[in-house]
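**Student:** Provided herewith is a single structure, encoded as structure tokens, for subsequent inquiry.
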Amino acid sequence: MRFGFTAHWLSAICVLLPFGASVASAAQDPTPRHGGILTVEHIDSPPSPSIQEEATASVVIPFMPLYNNLVVYDQHQPQNSLDTIVPELATAWRWNADHTELTFTLRNGVKWHDGKPFTSADVKCTWEAVSGLEPGKIRKSPRQAWFTNLEKITVNDPLEATFHLKRPQPAFLALLAAGWSPVYPCHVTFDAMRTQPIGTGPFRFVEFKRNEVMRLARNPDYWKPGLPYLDGIEYRIIPSRSTRLLAFIAGKFDMTYPTDVTVSGLRDIRSQAPAAQCSMRPSNVSTNLIINRDAPPFDNLDLRRALALSIDRKSFAAILSEGQDQIGASMLPPPAGIWGMPDAVREAMFAYGPDVTKNREDARAIMRELGYGPDKRLKVKVFTRDIPTFRDPALLMVDQMKEIYIDGELDVVDTTLFYNRVFRKDYTIGVNQTGSSVDDPDQHFYENYACGSLRNYTNYCNPGLEKEFDRQSMETDPVKRKAIVWEIERKLADDVVRPIFFHSTVGFCWQPTVKNVTVMVNSIYNGWRYEDIWLDR
């Protein structure tokens, strides 16, 4: 069964990108060279290098090269799908007849960075901790909801492990292929992985100086002969986007941060550094409104509905990306998104209609019924993360809320504090970005909307709707599955659960001396292994 794009997907995406940006490097030089340090711009200090415990791209992008998965999305296929999954620490896999048992044959002779052998025990330890089957093994597991269908893991011998599922789940393999799904060493504690991470990947951890730099070095014992080509990777933390842009144009870095280049920034790069290779593509990251539905005053559904009706999505896109950001509901919209709604279907949902004037009239009527008006305005703090992709739309949301008698004050915090406060529900309303690691409803719905999920930032809990999550997950017919997915989307809109402003279109540039780069178009989380990137200098 094929869950990928139809044949026209690439040309359809390119139509959206007026600068003719590519999705992969055009030249694949047949004679790669060894050596050199790849220098990459980074936006802020990650909370830690422990991918399994964190929830931001600023962790998975720099530290994915430390690790390996059982399986991974092909690093040179722009479109992630079940059809692009390839072996990594597993050499093969097989399902039983009813898709409730997934068995992996593991690669022999792989060593952790400290020289100890990789075995099936490491697979078992990792997912017993991450899934919650062994409580207390991990400080926090942002993706525990991915694995609620996992019943147990059995180790058949040192080179074979079986995942036993409670019900059929054809897309389970897609979750294991994500950049968020590395295998961890059983002999190293999760506490240690937060400061001195050990993997089996192409690069080893060297150092992390907070607010300064992250350094990785070539793993000389990597299980893929001859790889990696690079001697190391250095990620320099530069908080200012304009400073990062100027530094790249000046040739001080080999790569920008992969989601950093705006539409206007791309023009500057093409004007001042015309040899640079650039990609402007969908990210599968939505900017959205999170609402603490358990705390006054937004424990009132009517007030939440008024807030949702105040949103002018086209204005967000026009101001922030010159119209390049895509308007959609929870799932990434087409043509990049496999499961997203077309415009006509989405616009029929509550608060997603294009008539902003009418929506705001309806919102003001609700606010007056609740006792608010021009002379009695609601004052709230709008919580967000202190980087431009969060802060800029938060400022616009503050401005838009004024139209319905709500005065917002920006509450901006550092990345290291932002997610801890979100996990504790220590906010009233906030502007957030939700990155979908996998363009699949199983990842998206269970992680962001299932009862008890750590990344269910709004505490939404609807057991009846979760039964629909399960129903779409078991459905093998893509057309029938999509119909269920759209019904779930309608219910999320009716209940005002994390209203979506837009899905980001983002830019990424690299110098012409960097070879063998492929940029993925429906995830910013899965393409950073960097094992066969090389430098022509």
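**Student:** So how tilted is helix 463-474 from the main axis of the chain? Cα-based, degrees 0 to 90, rounded to 10.
**Tutor:** Computed tilt is about 40 degrees.
**Student:** With θ set to phi - 60° and the Karplus curve 6.51 cos²θ - 1.76 cosθ + 1.60, what are the ³J(HN,Hα) couplings of segment 232-249 in order, to the nearest whole Hz, using x for Gly and Pro?
**Tutor:** Running phi through 6.51 cos²θ - 1.76 cosθ + 1.60 with θ = phi - 60° gives x, 10, 10, 9, 9, 8, 10, x, 7, 5, 5, 5, 4, 4, 5, 5, 5, 4 Hz.
**Student:** Distance check, please: which entries in K124/K152; K152/K480; K314/K376; K124/K224 exceed 20 angstrom between their Cα atoms?
**Tutor:** K152/K480; K314/K376; K124/K224
**Student:** In segment 246-302, which trypsin sites (Lys or Arg not before Pro) are in a loop and have at most 14 other Cβ atoms within 10 Å, using DSSP for the loop call? Don't skip to the end; give the middle numbers.
**Tutor:** Values: sites: K252, R267, R270, R293; in loops: K252, R293.
Of the trypsin sites (Lys or Arg not before Pro), the ones in loops of segment 246-302 whose Cβ has at most 14 other Cβ atoms within 10 Å are K252.
**Student:** Suppose the Debye formula is applied to equal point scatterers at every Cα of the chain; what is log10 I(q)/I(0) at q = 0.12 Å⁻¹?
**Tutor:** -1.17
**Student:** Taking θ as phi - 60°, what are the ³J(HN,Hα) couplings along segment 272-277 by the Karplus curve (6.51, -1.76, 1.60), each to the nearest whole Hz, with x for Gly and Pro?
**Tutor:** Once rounded to whole Hz, the list reads 9, 9, x, 7, 4, 8.
**Student:** Then there's this: Any chance you could give the angle, 0 to 90 degrees and rounded to 10, that helix 356-369 forms with the longest Cα principal axis of the chain?
**Tutor:** The answer is roughly 70 degrees.
**Student:** Further question on the same structure: May I ask you to derive the relative contact order of the chain, considering only C-alpha pairs under 8 Å and at least 6 residues apart, and to give it as an integer percent? Working shown, then result.
**Tutor:** Details: 1154 pairs, mean separation 129.3, N = 537.
It rounds to 24 percent for the chain.
**Student:** Something else: Output ³J(HN,Hα) for segment 509-516: one whole-Hz value per residue in order, computed from phi by the Karplus curve 6.51 cos²θ - 1.76 cosθ + 1.60 with θ = phi - 60°, and x for Gly and Pro.
**Tutor:** Each residue of segment 509-516 in turn: 10, 9, 5, x, 7, 8, 10, 6 Hz.
**Student:** Under the rule a/c < 1.5 gives rounded, and otherwise a/b versus b/c splits prolate from oblate, where does segment 169-319 land using the Cα gyration tensor?
**Tutor:** On the way: a/c = 2.13, a/b = 1.27, b/c = 1.67.
It is oblate, given that a/c is not under 1.5 and a/b is not larger than b/c.
**Student:** Further question: If you filter segment 499-537 for chymotrypsin sites (Phe, Trp or Tyr not before Pro), then keep DSSP loop positions with at most 10 other Cβ within 10 Å, what is left?
**Tutor:** Values: sites: F501, F502, F508, W510, Y525, W528, Y530, W534; in loops: Y525, W528, Y530.
Qualifying residues, ordered by number: none.
**Student:** While we're here: On a 0 to 90° scale, report how tilted helix 478-494 is relative to the longest principal axis of the chain, with both axes built from alpha carbons and the result rounded to the nearest 10.
**Tutor:** 40
**Student:** Using bins 10 angstrom wide from zero, how does P(r) for segment 381-537 break down, in % of all Cα pairs?
**Tutor:** Per 10 Å bin, starting at 0, the Cα pair percentages come out as 9, 29, 31, 22, 8, 1.
**Student:** Now for a separate question. How big is the convex hull of the Cα atoms of segment 282-504, per residue, in Å³? Please list the in-between numbers first.
**Tutor:** Details: hull volume 24.9 nm³, N = 223.
Spread over its residues, the Cα hull of segment 282-504 gives 112 Å³ apiece.
No value in this document is a laboratory result; all are computed from the given coordinates. In this text the structure is predicted, and so the values were computed from the model without any measurement. Quick reminder, even Gly has a Cβ in these numbers, built from the backbone with ideal geometry, and neighbours come from all protein chains shown.
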